[in-house]
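Asks: Handing you a structure now.
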Amino acid sequence: MTNATQGMIIVAEQISKHFPLPDGKGTFTVLKDVNVHVRDSEVLALLGRSGSGKSTLLRIMAGLIPPSSGQVISSGKPLNGPNADVAMVFQSFALLPWLTVQENVELGLEAQRVGREERRVRALKAIDMVGLDGFENAYPKELSGGMRQRVGFARALVVQPQVLFMDEPFSALDVLTAENLRGEIGDLWEAGMFPARSILIVTHNIEEAVLLADRVIILGANPGHVRGELQIDLPRPRDRTAARFQALVDYIYTVMTNPEAKVTAVPEPTATHPPPFPPLPHARSGGISGLLEILLERGGQDDLPLLAQRLRLEIDDLLPIVDAAVLLGFASVVEGDVIVSDMGRAFAQADILTSKELFRQQVLAHVPLIVTIVQTLREKQKGGMRADFFLDILDEHYPYDEAQRQFATAVDWGRYAELFEYDAVEERLYLPEPVIHNQDQGT
Ligand code: ADP
Ligand code: MG
């Protein structure tokens, strides 16, 4: 290894990739002059929008496809064929349906000509590590999506790669399953028990990158190129509600919605602590999407007083809905005009499941009260929690009536986001039941 590559496991130098166009004339450039390296003992995230060439870059670094120009150096040697330092977890589990869990996990070891007994022992250990103990003999079709992806992880980890590559490993899972599995992977890493030296994760999910990574490389598109990188200087385990976490997410969000912006300054930690539960504007989820739809019909922007007049609403009745849309990143207000954001447009125009997912994502990013409720319910696990528990906390910050209204708004948003359920008769909050298919055991 040269000095320049000391402490680096994989170095991708000046990678470009072209694909032939379907008409046979000319080529399409997917990656241009990309330089990326994976250091020893780090979690590196490659963050970019869909189509920015993330999967292509990952495949090139894994030696599954060659670059058009540039080279990959792994453990000091130029790569020429599949990268033996790497094991990959795919978005679409890619399990063999006719093999059991254990047989799927042993596959990678067979390729390495590991003997039968050692294969068995190592596979069982990997299966145990990902929480699938007892499912060794199940077939993939008997498993939920979350469990299938656990097999995907076990199959990659069993070979004890230098670097674990993950290509959007949580994006085919429902939100809670994804959150659960992501948390476990983070825990394994933090416990120092991870059977790989480094992790390279490809994602388009900003929060996921900030939750898991030590370093985030932001890719731009057309053609794919590195826009810059950020060090994620947050202590582990990571706290989504920390001001610094939010600042990093907001910063990256701003950069990613502005293709021209330079990725340079990491924002400073905020000096003053915001109140633990900033007040929620009293607007219902349905009202927020209704407002966005009306605005989109008018080109995505309208003058606030005129809008109130047209809707025959007092401005004071309209403002909380606007404030809620702004709080959730669905809109902004500039000089008396309310303007729908890209996120707001996506939310209002998506199908119901996608818009719920976007709502959930924005709520978790921007509403600490709901994050606290969800975390408390997860810790409690069984039987839910009495509403009074949260009302007592709110009472410390708000007068009685306002605490009730804050709680009612949080419940409306949390229910719509399917983050929790509320039984108004028992006055208890519950985590939603996991989606159950046939023999599924949840995640
Ligand atoms: P991402 O993972 O960031 O969504 P991909 O690497 O999958 O991006 O794809 C980037 C672009 O390259 C897309 O426009 C895709 O259509 C194109 N592409 C990927 N693989 C091929 C291929 N084998 N042939 C032609 N075009 C491809
Ligand atoms: Mg991809």
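The values are calculated or read from the model by the stated rules, or taken from the named source; none is laboratory data. As the structure is a computational prediction, the values presented were derived from the model and not from experiment. Backbone-built Cβ (ideal geometry, glycine too); neighbour counts: all protein chains shown. Just so you know, the surface numbers come from the protein's heavy atoms only, side chains and all, with ligands and any DNA or RNA stripped out. Shrake-Rupley method; radii C 1.70, N 1.55, O 1.52, S 1.80 Å.
Asks: Consider Ile373 carefully, then state whether it is within 21 Å of Ala283 (Cβ to Cβ) and surrounded by 15 or more Cβ atoms within 10 Å (Cβ to Cβ). Don't jump to the end; show me each part of the working.
Replies: Numbers: within 21 Å of Ala283 (Cβ to Cβ): yes; surrounded by 15 or more Cβ atoms within 10 Å (Cβ to Cβ): yes.
Considered against the rule, which asks whether it is within 21 Å of Ala283 (Cβ to Cβ) and surrounded by 15 or more Cβ atoms within 10 Å (Cβ to Cβ), Ile373 comes out as yes.
Asks: With respect to Val202, is the statement that it is away from ligand 2 (no atom under 16 Å from the Cβ) and of a type in the set (Val, Ile, Thr) true?
Replies: The answer is no for Val202.
Asks: Continuing with this model, one more query. Name the pairs whose Cβ atoms lie under 7 Å apart, with the first residue in the stretch 40-51 and in contact (Cβ under 8 Å) with a residue 60 or more places away in the chain and open to solvent by 10 Å² or more (accessible area, probe 1.4 Å), the second assigned to a loop (DSSP other than H, G, I, E, B) and near ligand 2 (Cβ under 10 Å from one of its atoms), and 6 or more positions between them or separate chains?
Replies: Arg49/His204; Ser50/His204
For every residue, the table says whether it meets (1) open to solvent by 60 Å² or more (accessible area, probe 1.4 Å); (2) in a helix (DSSP H, G or I).
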| position | (1), (2) |
| --- | --- |
| Ser55 | no, yes |
| Gly63 | no, no |
| Phe93 | no, no |
| Trp98 | yes, no |
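Asks: Confirm whether Val105 is in contact (Cβ under 8 Å) with a residue 60 or more places away in the chain and either assigned to a loop (DSSP other than H, G, I, E, B) or of a type in the set (A, V, I, L, M, F, W, C) (or both).
Replies: Spelling it out, it is not the case that Val105 is in contact (Cβ under 8 Å) with a residue 60 or more places away in the chain and either assigned to a loop (DSSP other than H, G, I, E, B) or of a type in the set (A, V, I, L, M, F, W, C) (or both).
Asks: Answer yes if at least one residue in the stretch 7-23 is away from ligand 1 (no atom under 16 Å from the Cβ), in contact (Cβ under 8 Å) with a residue 60 or more places away in the chain, open to solvent by less than 80 Å² (accessible area, probe 1.4 Å) and not in a strand (DSSP E or B), and no otherwise.
Replies: No, every residue in the stretch 7-23 fails to be away from ligand 1 (no atom under 16 Å from the Cβ), in contact (Cβ under 8 Å) with a residue 60 or more places away in the chain, open to solvent by less than 80 Å² (accessible area, probe 1.4 Å) and not in a strand (DSSP E or B).
Asks: Got at least one residue in the stretch 169-188 being within 16 Å of ligand 1 (Cβ to nearest atom), without any contact (Cβ under 8 Å) to a residue 60 or more places away in the chain and crowded, with 18+ Cβ neighbours inside 10 Å?
Replies: Yes, the stretch 169-188 contains at least one residue that is within 16 Å of ligand 1 (Cβ to nearest atom), without any contact (Cβ under 8 Å) to a residue 60 or more places away in the chain and crowded, with 18+ Cβ neighbours inside 10 Å.
Asks: Looking at the stretch 191-241 only, could you name the residues that are among the polar types (S, T, N, Q) and either assigned to a loop (DSSP other than H, G, I, E, B) or open to solvent by 10 Å² or more (accessible area, probe 1.4 Å) (or both)?
Replies: Asn205, Asn222, Gln231, Thr241
Asks: Another question, if that's okay. Sort out which residues of the stretch 29-53 are within 16 Å of ligand 2 (Cβ to nearest atom) and assigned to a loop (DSSP other than H, G, I, E, B), and write them in order of number.
Replies: The answer is Gly48, Arg49, Ser50, Gly51, Ser52, Gly53.
Asks: Looking at (1) on the phi > 0 side of the Ramachandran plot; (2) at pLDDT 95 or above, can you tell me which one Glu117 breaks?
Replies: Of the numbered conditions (1) on the phi > 0 side of the Ramachandran plot; (2) at pLDDT 95 or above, the odd one out for Glu117 is (1).
Asks: Across the stretch 358-392, what is the number of residues that are among the aliphatic types (A, V, I, L, M), under 14 Å from Ala410 (Cα atoms) and without any contact (Cβ under 8 Å) to a residue 40 or more places away in the chain?
Replies: Residues flagged as among the aliphatic types (A, V, I, L, M), under 14 Å from Ala410 (Cα atoms) and without any contact (Cβ under 8 Å) to a residue 40 or more places away in the chain within the stretch 358-392 amount to 1.
Asks: Let me ask you something else. Among the aromatic types (Phe, Trp, Tyr), open to solvent by less than 80 Å² (accessible area, probe 1.4 Å) and modelled with pLDDT under 95 - does that describe any residue in the stretch 124-138? Spell out how you get there, then give the answer.
Replies: The first filter runs over the stretch 124-138 and keeps only residues among the aromatic types (Phe, Trp, Tyr), leaving 135.
Restricting the remaining residues to those that are open to solvent by less than 80 Å² (accessible area, probe 1.4 Å) gives 135.
If we keep only those that are modelled with pLDDT under 95 as well, we get none.
No: the stretch 124-138 contains no residue that is among the aromatic types (Phe, Trp, Tyr), open to solvent by less than 80 Å² (accessible area, probe 1.4 Å) and modelled with pLDDT under 95.
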